[in-house]
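In what follows, a single structure is set out as structure tokens and then discussed.
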Ligand SMILES: NC(=O)c1ccc[n+]([C@@H]2O[C@H](COP(=O)([O-])OP(=O)(O)OC[C@H]3O[C@@H](n4cnc5c(N)ncnc54)[C@H](O)[C@@H]3O)[C@@H](O)[C@H]2O)c1
């Protein structure tokens, strides 16, 4: 009985508003953690990936895991492979910024690409 009373008291102290604050903070954590300690955009190595196929996903994911790298463009002659590359990059960064090319020469001509 005593336990039930103290549980009930704890419940009343933890309001719906408190719950929403904690849940909101938890939901924001991944994006905050991703940004923490990351070099500014101008100090990141910008990368364009050419050819998705079998090797592209793993190689690209290695760069996506590096805080000082930013994959900014993808190229593949195969439309489905190109879409898979763009989707992977955009899903990682949570945006739609990855540029898509079928011709690697257009990707290479981008001034924003380092490698
Ligand atoms: N698969 C392996 O285990 C492995 C291991 C080590 C090295 N490699 C080397 O890595 C390279 C890629 O191998 P893979 O297995 O990923 O090949 P893959 O054939 O699976 O993929 C190649 C990708 O490049 C795209 N592509 C082809 N020509 C293109 C062009 N002109 N412009 C843009 N995209 C183009 C294709 O559409 C495809 O998506 C090869 O040189 C291979 O020898 C492969």
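Laboratory data are not the source of any read-out in this text; all were calculated from the coordinates shown. Since we're looking at a predicted model, the values are computed, not measured. Positions of Cβ are generated from backbone atoms using ideal geometry, with glycine treated the same way; all protein chains shown enter the neighbour counts.
Assorted remarks:
- Spin-label pair residue 100/residue 40, simplified geometry with 7 Å Cα→Cβ offset, distance in nm: 3.3
- In units of the rule-of-thumb radius 2.2 N^0.38 Å, the stretch 70-115 shows an alpha carbon radius of gyration of 1.07.
- Spin-label pair residue 66/residue 91, simplified geometry with 7 Å Cα→Cβ offset, distance in nm: 2.2
- The listed peptides 57-68, 82-93, ordered by packing as a protection proxy, come out as 82-93, 57-68 (highest mean of other Cβ atoms within 10 Å first).
- Distance histogram for the stretch 39-108 (every C-alpha pair counted, 5 angstrom bins, percent rounded to whole numbers): 4, 19, 30, 28, 14, 5, 1
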